[in-house]
1. For segment 182-191, give me the residue count where each residue is touching a helix residue (DSSP H, G or I) at 6+ places or on another chain (Cβ under 8 Å) and at pLDDT below 80.
2. Pick out, from segment 532-596, the helices (runs of 4 or more DSSP H) lying fully within it that include 2 or more residues that are out of contact with any helix residue (DSSP H, G or I) (no Cβ under 6 Å at 6 or more places or on another chain) and within 16 Å of the ligand (Cβ to nearest atom).
3. State the number of residues belonging to segment 57-93 that are buried (at least 19 other Cβ atoms within 10 Å of the Cβ), touching a residue at least 40 places away in the same chain (Cβ under 8 Å) and of a type in the set (S, T, N, Q).
4. Could you give me the residue pairs with C-beta distances under 6 Å whose first residue belongs to segment 408-434 and is open to solvent by less than 20 Å² (accessible area, probe 1.4 Å), whose second residue is hydroxyl-bearing (Ser, Thr, Tyr) and not in a strand (DSSP E or B) wherever it lies, and which are 6+ apart or on separate chains?
5. Out of everything in segment 358-384 that is among the β-branched types (Val, Ile, Thr) and more than 17 Å from residue 425 (Cβ to Cβ), what residue ends up being nearest to the ligand (Cβ to nearest atom)?
6. Could you pull out the residue among 66, 115, 128 that is part of a helix (DSSP H, G or I) and away from the ligand (no atom under 16 Å from the Cβ)?
7. Look through segment 390-419, keep the residues that are assigned to a helix (DSSP H, G or I) and small (Gly, Ala, Ser), and return whichever of them is farthest from the ligand (Cβ to nearest atom).
8. Check 332, 387, 422 and return the single one that is within 34 Å of the chain's Cα centre (by Cα) and either hydrophobic (A, V, I, L, M, F, W, C) or within 16 Å of the ligand (Cβ to nearest atom) (or both).
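The values are calculated or read from the model by the stated rules, or taken from the named source; none is laboratory data. Being a predicted model, the structure only gives us computed values, none of them experimental. All Cβ positions, even for glycine, are placed from backbone atoms using ideal geometry, and neighbour counts span all protein chains on display. Each accessible area value is taken on the protein alone, full model and side chains, heavy atoms only, with ligands, DNA and RNA left out. Shrake-Rupley method; radii C 1.70, N 1.55, O 1.52, S 1.80 Å.
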Amino acid sequence: MHPVRILKSATATPRLIVAAAGEVGRADRAGALVASVYQVIGAGSALGVVAAGKLTFDALLTPEQAALGLTPSILLLALMTALSGSIGPLQTQQHRLLGERVSQRVWDRVLDTTARADLVTYESSGFATALERVQQHALTRPFAVTTSLLGLSGSLLGVGAMSAVLIGVEPLLVPILLAAGLPAVLLSRWASRTEFSFAHRLTGLFRRRNYLRQLLTQRPFAAELRAFDSTGPLRRRHQAGNDEINSALRKQVRRRQLIATLTTLGVAAALTGALLAIIELVERGRIGLAEAGAAAIAVRLLSGQLTTFFRSIGGLLESAPFLADLERFVASGPPAPPKGNKRALAEGVRLDGVSFRYPGQDRSAVDSVDIEIHAGEVVALVGENGSGKTTLAKIVAGLYEPEEGTRHWDGSAVPAPDVRASTTVIFQDFVRYQMTLRENIVISDGSRSADTEAENDRAVEAARQAGVLGAARRLADGMDTMLGRDLDEGVDLSGGQWQRVALARALYRDTPLVVLDEPAAALDPRAEHELFADVRATLGGRAALLISHRFSSTRMADRIYVMDDGRVVECGTHDELMASAGQYAELYRLQSAAYR
Ligand code: ADP
């Protein structure tokens, strides 16, 4: 590694570890305190074992000078051994509790970041990969840091106590044991670097494998996979991913096994050295047998504490790059946008010369577009696939900011959060919440408590306007029926019924502008006719931007914009556009010819 990077990581590591310790404390102060008390008891009882061991040897070898009789000494030794042995399992259980709290807190930070990220950030591939890596690795690290920190503090206490005992017997024993430490720390750093680069390299592979697992297991894909008999080829891809992961993992495991063996050998060598030194001291008559026995116990315990100490240091060093990754991810999120205020729409929304390009693309998806949606109007966007309709709709709705040009709301540039708060969008691939019908509707307006009688009436009214109330009445629990089968408890609806639920959701939100992206794609002809014959009544005076491929639905619009390759190429009413005999007239004739 480059010297500057070594220096940087050496200074960053303590800061990250202190930050992680702070997180643990904030996640569960009482739990962290209890865990620390266990560490102190652990170190104290280890010291107790040595002391009781010394008393026992004294009582055995020099009963006349012993402070305690043999039986009480042995009982004390048994008690201390039991205490020191039982603290481990207690700690393990305490750590589970603390670990869950720490994980919840870190998840909250990640969810805060994803919630803040605007749509463009969210859709960029760098964000998705970083999020995946954080989910795969970084989220479990704070717990590892918790365990390591507690292990470190406990073992430091233990090392201190045992060293004090050994210094009393023979100071030389301490440096012999500590000498094992330096290689162990260096080996830990090496382990840390290999682990992070392994995780970094494999993120893409894990993402692809997770995606295949979703395809192969989740209900929405089950029908198509069976119709195409494509589970076989997908399983083969999944297996290829497994093979690649296995081969990379095998190499990494071998590396870690080598590092672990070298570390253990170092500690064992130091332990052997210390025990040989004790024998030498006894032979030279510098220490008595009782002291030698106690020293042997202390050396054994100290080497155990040192193993924990080095393992903890190793754990911290290993976690540091993942913590840095987590911190980078959290910092990468934009600041939380201010809360939007819902506005009325008196005049209308206007886009002037608006262009938008997706990150990493060379062509603009929307190019110098001017459109107007007056209050209460129904405006249609038509055009072939990929002509930029959905992108433009997202700009109108405040989900994307124009790269060039302006978006005016009642004649002034209004902040995007306000535009979002004042607009409702139903996307083509709207969400089918696996919740009750009522929750599916009221989720569009978090600003109101949905529990009141009035809100209940409004949800029912929205369902009625969207034409889903009849179906709701036939459901076992009416508006409180669970929808969807993903969680295995609900009633599934047809595509058209789901679309009406989404429409009810949009109407419940009650904003002056509604964007409908293919709202009738899944409706049968009668339902579509009913929706559009009376769309103005359904909208109840709200302005609407309607994207549709069905000219039967768009012909009643006050104005139709025809898009082609990101630009608006024609604009007018149905009759005007038919008279001008351009692209609209051609597409309209093509579609009606298909019906004739
Ligand atoms: P339409 O709704 O008319 O089918 P879109 O607005 O969805 O068209 O797409 C317009 C263009 O932008 C297309 O070329 C499409 O490939 C591209 N595009 C859409 N979404 C993204 C995205 N998230 N990232 C990159 N390019 C995109």
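1. Total satisfying the criteria: 5.
2. On the way: elements: 535-539, 551-554, 574-580, 583-595.
Ranges flagged: 583-595.
3. 2
4. From segment 408-434, the pairs are 422/511; 423/511; 424/511.
5. 382
6. Numbers: 66 fails: part of a helix (DSSP H, G or I); 128 fails: away from the ligand (no atom under 16 Å from the Cβ).
Every option except 115 fails the conditions.
7. Quick first cut of segment 390-419, residues assigned to a helix (DSSP H, G or I) only: 390-396, 416-419.
Now restrict to residues that are small (Gly, Ala, Ser): 393, 416.
Working: 393: 8, 416: 18 Å.
Out of the qualifying residues, it is 416.
8. On the way: 332 fails: either hydrophobic (A, V, I, L, M, F, W, C) or within 16 Å of the ligand (Cβ to nearest atom) (or both); 422 fails: either hydrophobic (A, V, I, L, M, F, W, C) or within 16 Å of the ligand (Cβ to nearest atom) (or both).
Just one listed residue meets the conditions, 387.
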